[in-house]
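Structure record follows, encoded as structure tokens.
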Amino acid sequence: MAGGPSKRGLGLLVLGVWMMSPFTGAQEQRPLNLMPVPSSVQIGAGRLLVDSSFSVGLTGYTEPRLDRAAERFLRQLSRQTAIPLATKPGASAKPVLLIHTDHASKEIQELGEDESYVLEVSATGAKLSAPTPLGAMHGLQTFLQLVNVSPDGFASPAVTIHDKPRFPWRGLMIDSARHFVPLDVLRRNIDGLEAVKMNVFHWHLSENQGFRVESKKFPKLHEMGSDGLYYTQDEIHDLIEYARDRGIRVVPEFDVPGHSTAWFVGYPELASGPGPYEIERKWGVFDPAFDPTNERTYKFLDQFIGEMAKLFPDHFFHVGGDEVNGKQWDANPKIQEFIKEHSLKNNEGLQSYFNKRLEPIVSKHGKSMVGWDEVLDPSLPKDILIQSWRGPDALAAAAKQGFRGILSNGYYLDLGWAAARHYAVDPLSGAAANLSPEEKARILGGESCMWAEYINPENIDSRVWPRNAVIAERLWSPEETKDAASMHARMEILSTRLEWLGLTHKTYHHQMLQRIAGPSTPEEFAALTTLASAVEPVKDYTREETATAEPTSATPLNRLVDAIPLESATARHFGESVDKFISASCQDAATDARLRAQLTAWRDNDRDLRSLARRSYLVKEVSATSGDLSTLGAIGLAALDFIAKKQRAPDDWKAQQLAVLEQVQKPKGQLLLMPAPAVQKLVEAAAAGGACSSPN
Ligand code: ACM
């Protein structure tokens, strides 16, 4: 960090430093827009132009992976500028960007390797220095984010960045089991992880609904447990190489003893109940579980884990361990007898027994065992790692007992939380804030989780991105990086850049809406788009509760609820404008006009949508919400009229509007009308009269 400012100075430097353009004469204000925010940034003088003469050279330690990283960087730079660039590094004696790497990283990427880098950009050239290829790859991603269009070409500002991660474990889990996720989709998401400097892809590979890995030892696992949708070992090997090329470890998860129906389709003898078993089609927690009292279970798992330990080189091996409901164990007298004989108390005791048998198997094959909170048992070896999905207190408890842990509670992307809510979750907050430094050091970072009940190749990117980028920032950037307004601005810019990587989280939307609309006039399609932009799917675990028919893996994901992003940027922007208007004592004419334009568009939107609803059942399903959006527009406009006339809105009017607003906030078609709370603020401001209409 030599020469870098202290961490305390960071907010000022990164969030508040603006570039002065020497070319326009005027002060052109432009933040750097990096995500994740680096540890330290110093702005220099001038900028480095990026034109077709741009070149990259490598010095110091080199390896083919670094050449490929440089080529990928050049291709990406070319894509984002549309400037043709020679994509082979090293041809020029004096490259524009010189990458110096000190030494090799580990043969198999390890937890806690040095990922730091220093990037110095001046008007005449750039230098990226890193101890290992991992840091060099991170620095290249930072450079890509620095390059933007300027009045006379593409350029990076002159800047010196010293950067390193706050946490060593920064991951994304994708569940490829409930819905199979094709390899090309995984690859583009791994590209996204590289862009935001995440370094773990946790691959959830087995579930009640599918066993997704080819096993040569136990072929009935994939042959009978996957509907033919599984990854071959060659494909897995290639994906691991692909991730390694991007500085990303691949941690496999095979969930035992619960979440395991798909294993038992081919091997019913491993289960605790009689079977036969079929691949599960529904969502939820199910009864089938491995029989921990049967020696065959351990023999099988030993051979299976031995095979998988060779296929997946990472040092960590995830065995799941979550949500065993114990019903098959309760129903099996032999198992209950075993519990008594071994003085195990209850089913939790039996699961502990199972974990104590499993851990030496995982360890024997050279791996450290990872499990969800449920595996936590003080008598297990301290080498295991706990992934906390149930809460930060569980993570702190694990750290207190001497276990290492990562946080996922608060980072479940499938729950539909706003980016700001994920962003506020810190692995070292809550109970963890009171841990000793030694205990805190056991909290290694976190992982976002993409559970797959409601994703398919079409919409998965939009469920992961751009919100995953703010979790990546939480795990990479200094703890003080917390400003939500800055985060939102940078997230939106990064979101567009991610599409240059091939992610489809923005473009998928149009295609899905076209399917929903069918042949339509531009006005009708615009009406559907307007409605889509103002709603979000129901949150948390309420999608099953609000379904009209029980959802299964055969349920089409083609409805508006599947096509909209999980966070409405339109609603957020509207809410920000309302806050701005009210905090200006409702005296801000420009914001008033903007709010009126938006509210008018919403009020009038239903007309065109109604004609479409007569032709498409997928539109008809959302016509009640469209009516509610109209109502919302009309209420907001009425509130603004009271405010404009400096009239205090009558109490009975306020009561009526609040009652209507309560109605429109009830989910319909599994959609939530997101601008409603902001419209409610306008109603309250109108009814407060003087408080809003006079600035004193
Ligand atoms: C989990 O969400 N059951 C790990």
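A quick yes/no check of all residues on (1) touching a Phe, Trp or Tyr at 6+ places or on another chain (Cβ under 7 Å); (2) under 25 Å from Gln670 (Cβ atoms):
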| position | (1), (2) |
| --- | --- |
| Leu435 | no, no |
| Ala469 | no, no |
| Glu473 | no, no |
| Ser477 | no, no |
| Thr481 | no, no |
| Ala484 | yes, no |
| Trp500 | no, no |
| Gln514 | no, yes |
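Given the structure, is His488 part of a helix (DSSP H, G or I) and either under 26 Å from Trp283 (Cα atoms) or within 16 Å of the ligand (Cβ to nearest atom) (or both)? It would help to see each step written out before you state the result.
On the way: part of a helix (DSSP H, G or I): yes; either under 26 Å from Trp283 (Cα atoms) or within 16 Å of the ligand (Cβ to nearest atom) (or both): no.
Spelling it out, it is not the case that His488 is part of a helix (DSSP H, G or I) and either under 26 Å from Trp283 (Cα atoms) or within 16 Å of the ligand (Cβ to nearest atom) (or both).
Quick one: which of Asp302, Asp245, Asp314 is out of contact with any Lys or Arg (no Cβ under 7 Å at 6 or more places or on another chain) and not aliphatic (A, V, I, L, M)?
Working: Asp245 fails: out of contact with any Lys or Arg (no Cβ under 7 Å at 6 or more places or on another chain); Asp314 fails: out of contact with any Lys or Arg (no Cβ under 7 Å at 6 or more places or on another chain).
After applying the criteria, what remains is Asp302.
Could you give every pair whose Cβ atoms fall below 6 Å, whose first residue belongs to the stretch 364-391 and is under 16 Å from Val324 (Cα atoms), and whose second residue is away from the ligand (no atom under 16 Å from the Cβ), counting only separations of at least 6 or pairs across chains?
Every condition considered, the pairs that remain are Asp377/Ser352.
Please specify each residue of the stretch 272-292 satisfying the condition of being in a strand (DSSP E or B) and out of contact with any Asp or Glu (no Cβ under 8 Å at 6 or more places or on another chain).
Narrowing the stretch 272-292 to residues in a strand (DSSP E or B): 282, 290.
Phe290 - this is the single residue of the stretch 272-292 that is in a strand (DSSP E or B) and out of contact with any Asp or Glu (no Cβ under 8 Å at 6 or more places or on another chain).
So, in the stretch 136-162, exactly how many residues are within 22 Å of Gly192 (Cβ to Cβ), open to solvent by less than 10 Å² (accessible area, probe 1.4 Å) and not in a helix (DSSP H, G or I)?
Matching residues across the stretch 136-162 total 3.
Is there a residue in the stretch 26-33 that is buried (at least 19 other Cβ atoms within 10 Å of the Cβ) and at pLDDT 95 or above? Walk me through it before giving the result.
First, pick out the residues of the stretch 26-33 that are buried (at least 19 other Cβ atoms within 10 Å of the Cβ): 32.
Right, trim to at pLDDT 95 or above and you get none.
The answer is no, given that none of the residues of the stretch 26-33 is buried (at least 19 other Cβ atoms within 10 Å of the Cβ) and at pLDDT 95 or above.
With Thr521, Thr529 as the choices, which residue is in contact (Cβ under 8 Å) with a residue 60 or more places away in the chain and among the β-branched types (Val, Ile, Thr)? Before you say what the answer is, go through the steps one by one.
Working: Thr529 fails: in contact (Cβ under 8 Å) with a residue 60 or more places away in the chain.
On inspection, the qualifying residue turns out to be Thr521.
Considering (1) crowded, with 18+ Cβ neighbours inside 10 Å; (2) more than 16 Å from the ligand (Cβ to nearest atom); (3) in a loop (DSSP other than H, G, I, E, B); (4) not aliphatic (A, V, I, L, M), say which one Gly320 fails and leave the rest.
Single failed check for Gly320: (2).
Could you check, for the stretch 441-448, whether at least one of its residues is hydroxyl-bearing (Ser, Thr, Tyr), more than 30 Å from Leu229 (Cα to Cα) and at pLDDT 95 or above? Let's see the steps before the verdict.
To start, the set of residues in the stretch 441-448 that are hydroxyl-bearing (Ser, Thr, Tyr) comprises 448.
If we keep only those that are more than 30 Å from Leu229 (Cα to Cα) too, we end up with none.
Within the stretch 441-448, not a single residue is hydroxyl-bearing (Ser, Thr, Tyr), more than 30 Å from Leu229 (Cα to Cα) and at pLDDT 95 or above.
In the set His365, His315, His342, which member is of a type outside the set (Gly, Ala, Ser), more than 16 Å from the ligand (Cβ to nearest atom), in contact with a strand residue (DSSP E or B) (Cβ under 8 Å, 6 or more places away or on another chain) and open to solvent by 60 Å² or more (accessible area, probe 1.4 Å)? Explain how you work it out, then say what you get.
Numbers: His365 fails: open to solvent by 60 Å² or more (accessible area, probe 1.4 Å); His342 fails: in contact with a strand residue (DSSP E or B) (Cβ under 8 Å, 6 or more places away or on another chain).
Only one candidate qualifies: His315.
With the requirement that a residue be open to solvent by 10 Å² or more (accessible area, probe 1.4 Å) and not charged (D, E, K, R), what does the stretch 168-181 give you?
Applying the first criterion (open to solvent by 10 Å² or more (accessible area, probe 1.4 Å)) to the stretch 168-181 yields 168, 178-180.
Scanning the stretch 168-181 gives Pro168, His179, Phe180.
Among the numbered criteria (1) touching a residue at least 40 places away in the same chain (Cβ under 8 Å); (2) within 15 Å of the ligand (Cβ to nearest atom), which one does Leu350 miss?
The failed condition is (2).
Of all residues in the stretch 536-558 being at pLDDT below 95 and not in a loop (DSSP other than H, G, I, E, B), which is most open to solvent (accessible area, probe 1.4 Å)?
Restricting to residues being at pLDDT below 95 and not in a loop (DSSP other than H, G, I, E, B), the top hit is Glu545.
As an exercise: evaluate Gly371 against (1) modelled with pLDDT under 95; (2) surrounded by 15 or more Cβ atoms within 10 Å (Cβ to Cβ); (3) not aromatic (Phe, Trp, Tyr) and give the number of the one condition it does not meet.
(1)
A quick yes/no check of all residues on (1) touching a Phe, Trp or Tyr at 6+ places or on another chain (Cβ under 8 Å); (2) among the β-branched types (Val, Ile, Thr):
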residue: Thr232; (1), (2): no, yes
residue: Gly284; (1), (2): no, no
residue: Pro288; (1), (2): yes, no
residue: Arg296; (1), (2): no, no
residue: Lys299; (1), (2): no, no
residue: Leu311; (1), (2): no, no
residue: Asp314; (1), (2): no, no
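Can you tell me which residues in the stretch 404-419 are away from the ligand (no atom under 16 Å from the Cβ) and more than 18 Å from Arg170 (Cα to Cα)? Reasoning before the result, please.
At the first step, the residues of the stretch 404-419 found to be away from the ligand (no atom under 16 Å from the Cβ) are 404, 418-419.
Residue satisfying the conditions is Ala418 alone.
Condition check ((1) out of contact with any His (no Cβ under 6 Å at 6 or more places or on another chain); (2) in contact (Cβ under 8 Å) with a residue 60 or more places away in the chain; (3) within 22 Å of Gly247 (Cβ to Cβ)) across all residues:
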site: Pro157; (1), (2), (3): yes, yes, no
site: Leu172; (1), (2), (3): yes, yes, yes
site: Pro182; (1), (2), (3): yes, yes, no
site: Leu186; (1), (2), (3): yes, no, yes
site: Asn189; (1), (2), (3): yes, yes, yes
site: Gly192; (1), (2), (3): yes, yes, yes
site: Trp203; (1), (2), (3): yes, no, yes
site: Gln209; (1), (2), (3): yes, yes, no
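Can you find, within the stretch 384-394, the residue that is surrounded by the most Cβ atoms within 10 Å (Cβ to Cβ) among those that are more than 12 Å from the ligand (Cβ to nearest atom) and at pLDDT 95 or above?
Result: Ile384.
In the stretch 499-535, which residues are of a type in the set (Ser, Thr, Tyr), assigned to a helix (DSSP H, G or I) and over 18 Å from Ser626 (Cα atoms)? Quick ask: steps written out before the conclusion?
Narrowing the stretch 499-535 to residues of a type in the set (Ser, Thr, Tyr): 504, 507-508, 520-521, 529-530, 533.
Now restrict to residues that are assigned to a helix (DSSP H, G or I): 508, 529-530, 533.
The answer is Tyr508, and nothing else.
How about the stretch 272-298: which of its residues are polar (S, T, N, Q) and either within 16 Å of the ligand (Cβ to nearest atom) or open to solvent by less than 10 Å² (accessible area, probe 1.4 Å) (or both)?
The initial filter retains those residues of the stretch 272-298 that are polar (S, T, N, Q), namely 272, 293-294, 297.
Within the stretch 272-298, Ser272, Thr297 meet the criteria.
If Gly371 satisfies all but one of (1) within 12 Å of the ligand (Cβ to nearest atom); (2) farther than 23 Å from Ser448 by Cα, what's the number of the condition it fails?
(2)
Looking at Ile406, is it touching a Gly at 6+ places or on another chain (Cβ under 8 Å), open to solvent by less than 20 Å² (accessible area, probe 1.4 Å) and free of Cβ contacts under 8 Å to residues at least 40 places away in the same chain?
On the way: touching a Gly at 6+ places or on another chain (Cβ under 8 Å): yes; open to solvent by less than 20 Å² (accessible area, probe 1.4 Å): yes; free of Cβ contacts under 8 Å to residues at least 40 places away in the same chain: no.
Here the answer is no, as Ile406 does not meet what is asked.
The values are calculated or read from the model by the stated rules, or taken from the named source; none is laboratory data. This is a predicted model, so every value here is computed, not measured. Neighbour counts are summed over all protein chains in view; Cβ atoms, including those assigned to glycine, are modelled from backbone coordinates with ideal geometry. Side chains are part of the model used for accessible areas, which takes the heavy atoms of the whole protein and leaves out ligands, DNA and RNA. Shrake-Rupley method; radii C 1.70, N 1.55, O 1.52, S 1.80 Å.
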